[in-house]
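Each remark here refers to the structure printed beneath this line.
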Amino acid sequence: MQIRYQIAAVFLAVGLGALTVTLLYAPNALLPHPPIGSWLIERLLVLASLAALASAIFIAASALVDWLDRVIA
């Protein structure tokens, strides 16, 4: 079970790193621009797509770890 926490920590660290790079590189990218409605929808779509890719990778990594645990044991 601890290996899952380690994998989750890696994904959390990557997400926080991406946020840090965004804030350091272009801090105005997170501020809304008029019209705010389209800006909000665009940001939600970007976040949803990133969350879907990260979730899929996390599920695949968890399945790989489970398979490796069964093969080794």
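Data table
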{"read-out": "Single condition Trp39 does not satisfy, out of (1) closer than 21 Å to Leu53 by Cβ; (2) surrounded by 11 or more Cβ atoms within 10 Å (Cβ to Cβ)", "value": "(1)"}
{"read-out": "Contacts under 8 angstrom Cβ, first residue in the range 1-29 being without any contact (Cβ under 8 Å) to a residue 60 or more places away in the chain and more than 24 Å from Ala63 (Cβ to Cβ), partner surrounded by 11 or more Cβ atoms within 10 Å (Cβ to Cβ) and among the hydroxyl-bearing types (Ser, Thr, Tyr), 6 or more apart", "value": "Ala29/Thr22"}
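Rule-based calculations on the coordinates, nothing more; no lab input. Predicted, not measured: the structure shown is a model, and the values here were computed from it. With ideal geometry, Cβ positions are generated from the backbone for all residues, glycine too; neighbour counts draw on all protein chains shown.
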